[in-house]
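Mind looking over this structure? Questions follow.
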Amino acid sequence: MGESIIAFLETWSPIDIVLIAQNFDRFLWGALVTLQLTVISLVVGGLLSIPLAIIRSGNNPFLNAPVWAFTYLFRGTPLLVQTYLIYYGLGQFEWVRQTALWEPILSQAWWCALIAFSLNTAAYTTELLRGSIITTSKGEVEAAKACGLGKWMRFRRIVLPSAFRRALPAYSNEVIFMLHGSVVASTITIQDLLGVGRWLNGRYYLAYEGFITAAVMYLIIVLLVSRGFRLWEKHWLKHLYPLDAVEARPKKGLASFRV
Amino acid sequence: MKFKKLATTLGAFALMLGLAGNSLAADLRVGVEGAYPPFSWKESDGTLKGFDIEIAEAICTELKRKCVLIEQDWDGMIPALLARKFDVIIASMSITEERKKRVDFSDKYYNTPAKFVAKKGSGLVISKAGLKGKRVGLQRGTTHQCFMEKMYPDVELVLYGGQDEVFQDLAIGRIDAQFSDSIAADEGFLKTDAGKDFEFTGGDQHDEACHGPGAGITVRKGDSALRDQVNAAIKTIRDNGVYQKINAKYFEFDIFGG
């Protein structure tokens, strides 16, 4: 029975499904590497971006200028170039290879990718959060002042929570961009999801099979991410919607199909 | 009225395509790599040089067709041929059974052995036990990938898009060894400044199923008229001394092989 299914697929399928199935564990490992790099760099970049965004939204020129330079540098150059600079560029210098950082971190492709991705997403998230912070409603800030909250307390209790919530929809885009940007890892020898697709192409000279499998897996991950964010938004941004919008929306036909 | 206009535009477009198709038929579009010295590399002014490039020109001269060299990254080479981006590949592509499932090959135009390269005095032993867990770099989509996965499954393979990147990472110690064609390693790395502390280790490696009889010129499946012409051209340049002249510019011995 199993053999006849395989024989059937080998004869009739336009793509080599059997080969994909045989190497499916590699694709799962690749997806894991992709997720690992994306999630860790989002966490590191996200944490970095909070103090940077606070600085950027303030008006201290000595702090503001370097942070502006950082975000301009990392938003103004392609992620691929940043990754190459860290992986191939730094390795070129003898003195870099003499430092204690070389052996455990900079000589490893995985770490180089993580550093590049974290700094890149930190730059984008900083600007995103800054926009969200400076558009905090004046009324909320004034009310906090009237209640006698100090500057830092105001930030912690009023401005930041509100800014995070309002940044959520834009941040879901950043997450998806980072996931897609992580394909850069495959150019510096990392076997991420795209790397496995390229491996399959290199081994069997089948471009379609490797890349379509990777594409479908990226689609699935993006679906889960955007679903997750929609649930989050429903919860955290409830106060911004009209009162009856969340529960009372009629769900009929295609209109109800939202990701 | 609108439709008529559209039809005229389409017609003009089709005519243009037709003309383009005709003019291309006279040229031979050759897929080359440009990142694999001494077989092919790119000068700083953008011109392509190397053994493969000169062989391509010699073959075109024999076929009395103009060569149009089209650069292509290695791992997209066969897909690009199949997508008709070019008509033949002349890029040191080894004739293997796996590739023959997708494309056809001419007779070989050279055959050189594959070897490992490691740091001088590294003490690396080329055996299943000696290589176990070592990081060995090679170019993705080559016969060497096939060889390593078959013969040394316990090796940690590090796959690169281009051979130049493999040498770069070997030089700065990111990988313990690299595995490639011996001539490419010798000319492209060992004889350069970056490769002066490195050496061949473990002698010639060969697996008939993976490596095949040598490098051939690749055509699309069923393009047998072109393949026969190319075969005849290879034979002619071997007989009339053109091949030997090109060979002598790059190598001290005859790389055609036995």
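Read-outs throughout are calculated quantities, based only on the coordinates presented, and are distinct from any laboratory measurement. Quick caveat: nothing in here was measured; it's all calculated off a predicted structure. Note that we place each Cβ from the backbone using ideal geometry, even for glycine, and neighbour counts take in every protein chain shown.
Taking just the C-alpha trace of the stretch B:70-157, give me its Rg and Dmax in Å.
15.8, 47
Expressed as a whole percent, how much of the Cα-Cα distance distribution for chain A exceeds 27 Å? Can you show the working numbers first?
Values: 17911 of 33411 pairs.
Pairs farther apart than 27 Å: 54 percent.
Given chain B, what percent of its DSSP beta bridges are antiparallel, to the nearest 5? Write out the running numbers ahead of the final one.
Details: 23 of 38 bridges.
Around 60 percent antiparallel, to the nearest 5.
Within the stretch A:212-243, name every residue whose backbone N is under 13 Å away from a label modeled 7 Å from Cα of residue A:39 along the Cβ vector.
A:225
Hey, another quick one. What order do you get for B:108, B:100 when you list them from fewest to most C-beta neighbours inside 10 Å?
Working: B:108 17, B:100 14.
Fewest-to-most ranking of B:108, B:100: B:100, B:108.
Same structure again: Assuming a ≥ b ≥ c are the square roots of the Cα gyration tensor eigenvalues, decide whether the stretch B:39-108 counts as rounded (a/c under 1.5), prolate (otherwise, with a/b larger than b/c) or oblate. Don't jump to the answer; show the numbers that get you there.
Values: a/c = 1.69, a/b = 1.37, b/c = 1.23.
Judged from the Cα gyration tensor, the stretch B:39-108 comes out prolate (a/c at least 1.5, a/b above b/c).
What FRET efficiency do you get for residue B:45 and residue B:125 if R0 is 56 Å and r is their Cβ-Cβ distance, rounded to the nearest 0.05?
Numbers: r = 44 Å, r/R0 = 0.79.
Result of the calculation: an efficiency of 0.80.
Shifting gears a bit: For the stretch B:114-211, what is the Kirkwood hydrodynamic radius in Å, using each pair of distinct C-alpha atoms? Display every interim value, and only then the final one.
Working: mean 1/r = 0.0766 Å⁻¹.
In the stretch B:114-211 this quantity evaluates to 13.1 Å.
Still on this structure, I have one more. Given 5 Å bins starting at zero, what is the percent of C-alpha pairs of the stretch A:104-156 in each, up to the one with the largest pair distance?
4, 16, 15, 13, 11, 10, 9, 8, 7, 5, 2
What is the Rg over Rh value, at two decimals, for the stretch B:216-258, using alpha-carbon atoms and the Kirkwood definition of Rh? Display every interim value, and only then the final one.
Values: Rg = 12.4 Å, Rh = 11.6 Å.
Result for the stretch B:216-258 is an Rg/Rh of 1.06.
Would you kindly state the longest site-free stretch of chain A, with sites defined as chymotrypsin sites (Phe, Trp or Tyr not before Pro) in a DSSP loop (not H, G, I, E, B) surrounded by at most 13 other Cβ atoms within 10 Å?
A:94-256
Just to be sure I follow: if Rg is taken over the C-alpha atoms of chain B and Rh is the Kirkwood radius over the same atoms, what is Rg/Rh? Walk me through the numbers on the way to the answer.
Working: Rg = 20.8 Å, Rh = 19.7 Å.
Result for chain B is an Rg/Rh of 1.05.
Right, here's the next one. Among B:66/B:100; B:42/B:64; B:132/B:191; B:115/B:221; B:108/B:249; B:115/B:150, which pairs are too far apart, with a Cα-Cα distance over 22 Å?
B:66/B:100; B:42/B:64; B:132/B:191; B:115/B:221
Sticking with this structure for a sec: Among the DSSP beta bridges whose two residues both lie in the stretch B:73-222, what percent are antiparallel, rounded to the nearest 5? Each step should come with its number before you reach the end.
Values: 19 of 26 bridges.
Counting DSSP beta bridges with both partners in the stretch B:73-222, the antiparallel share is about 75 percent.
Just for the Cα atoms in the stretch A:8-75, what are the lengths along the principal axes, largest first, rounded to whole Å?
Principal extents (largest minus smallest coordinate, Cα): 69, 19, 14 Å.
Just tell me the longest site-free run in chain A, where the sites are trypsin sites (Lys or Arg not before Pro) in a DSSP loop having at most 12 other beta-carbon atoms within 10 Å.
Values: sites that count: A:251, A:252, A:258.
It runs A:1-250.
Right, here's the next one. Run the dipole for the stretch B:114-211 about the Cα centre, Lys and Arg Cβ at +1, Asp and Glu Cβ at -1, nothing else charged, and hand back the magnitude in debye, nearest 20. Intermediate results must be reported in sequence, preceding the final value.
On the way: 12 positive and 16 negative charges, 69 e Å.
With Lys and Arg at +1 and Asp and Glu at -1, about 340 debye.
Here's another thing I want to ask about it. Where both residues lie in the protein assembly as shown, what percent of DSSP beta bridges are antiparallel, nearest 5? Could you put the intermediate results ahead of the total?
Numbers: 23 of 38 bridges.
That works out to approximately 60 percent antiparallel.
With the alpha-carbon atoms as the only input, what is the per residue convex hull volume for the protein assembly as shown in Å³?
Values: hull volume 132.4 nm³, N = 517.
Cα-based convex hull of the protein assembly as shown, divided per residue, equals 256 Å³.
Do me a favour and compute the ellipsoid semi-axes for the stretch A:66-217 from its Cα gyration tensor, root of five times each eigenvalue, largest one first, whole Å.
On the way: eigenvalues 315, 97, 25 Å².
Taking √(5λ) for each eigenvalue gives 40, 22, 11 Å, largest first.
Residue B:42: net charge of surrounding residues, Cβ under 11 Å, Lys/Arg +1, Asp/Glu -1, itself excluded? Before the final figure, lay out each step's value.
Working: positive: B:49; negative: B:33, B:43, B:45, B:71, B:164.
Cβ neighbours under 11 Å give a net charge of -4.
Sticking with this structure for a sec: Unpartnered cysteines of the protein assembly as shown (Cβ-Cβ under 4.7 Å counts as a partner)?
A:112, A:147
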